[in-house]
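The values are calculated or read from the model by the stated rules, or taken from the named source; none is laboratory data. Predicted model, so just to flag it, every value in this text is computed and none were measured. No Cβ is skipped: glycine too gets one built from the backbone with ideal geometry, and neighbour counts run over all protein chains shown.
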Amino acid sequence: MLGPDHGQAIVETALALAFLVFTLLGGADIARVYAAQLAVENAARAGAEAAVMRVATTDPAIVSYASDELGRVSGVDATQAMITVTHTTGSGGESLVNVRVTYTFRTLTPWPGVPNSVALDRIATFRNYP
């Protein structure tokens, strides 16, 4: 026969396992959003760098470089990113190239009371030497 303490142990184990699973899944999502944020930042930087190094001489080529960099990270769909290239003039009259990457990250599971998407947005501005 099972004693009264046996039922209590089962309930405590179930609660502890549920807490452990939620903690692990939440930690995984935090790590994934951090990796996606770094990917967005690196993609903007790669596009701007390709422009100033003359590897990419047109805006579609710059977007392609940024998209390729973004697509290197697993779990990030580069086709869902919005990549824009603008050319401006700095305060000293220098030519600047600006690459902006916007991506909406979605968590693996929707958490109750917690947003399941994060808008990631980064701009890289490099001086474009003639």
>> I'd like the full set of residues that are surrounded by fewer than 18 Cβ atoms within 10 Å (Cβ to Cβ) and free of Cβ contacts under 8 Å to residues at least 12 places away in the same chain, limited to the stretch 39-56.
In response: MET53, ARG54, VAL55
> Which one of these is touching a Lys or Arg at 6+ places or on another chain (Cβ under 6 Å) and of a type in the set (A, V, I, L, M, F, W, C): VAL73, VAL40, VAL85, VAL99?
Replying inline: VAL40
> Can you name the condition, by its number, that ARG122 falls short on among (1) part of a strand (DSSP E or B); (2) surrounded by fewer than 18 Cβ atoms within 10 Å (Cβ to Cβ)?
Replying inline: (2)
> Has the stretch 105-118 got at least one residue that is surrounded by 12 or more Cβ atoms within 10 Å (Cβ to Cβ), touching a helix residue (DSSP H, G or I) at 6+ places or on another chain (Cβ under 8 Å), farther than 17 Å from ALA28 by Cβ and in contact (Cβ under 8 Å) with a residue 12 or more places away in the chain?
Replying inline: no
>> Return the residues of the stretch 31-78 that are closer than 19 Å to LEU108 by Cβ, β-branched (Val, Ile, Thr), in contact with a helix residue (DSSP H, G or I) (Cβ under 9 Å, 6 or more places away or on another chain) and part of a helix (DSSP H, G or I); say none if nothing qualifies.
In response: VAL40
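Each row is one residue, and each column tells you yes or no for (1) at pLDDT 95 or above; (2) closer than 20 Å to ALA35 by Cα.
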site: THR57; (1), (2): no, no
site: ILE62; (1), (2): yes, no
site: ALA66; (1), (2): yes, yes
site: SER74; (1), (2): no, yes
site: ILE83; (1), (2): yes, yes
site: THR86; (1), (2): yes, no
site: SER91; (1), (2): no, no
site: GLU94; (1), (2): no, no
site: VAL101; (1), (2): yes, yes
> Any idea which of (1) in contact (Cβ under 8 Å) with a residue 60 or more places away in the chain; (2) acidic (Asp, Glu); (3) closer than 17 Å to ASN128 by Cα is the one ASP59 doesn't satisfy?
Replying inline: (1)
> Are there any pairs with C-beta distances below 8 angstrom linking a residue in the stretch 7-25 that is within 20 Å of PRO112 (Cβ to Cβ) to a residue that is aliphatic (A, V, I, L, M), with the two at least 6 apart or on different chains, and if so which?
Replying inline: LEU25/LEU108
>> Just the residues that are touching a strand residue (DSSP E or B) at 6+ places or on another chain (Cβ under 6 Å) and either free of Cβ contacts under 8 Å to residues at least 12 places away in the same chain or surrounded by 14 or more Cβ atoms within 10 Å (Cβ to Cβ) (or both), please, taken from the stretch 68-87.
In response: ALA81, ILE83, THR84, VAL85
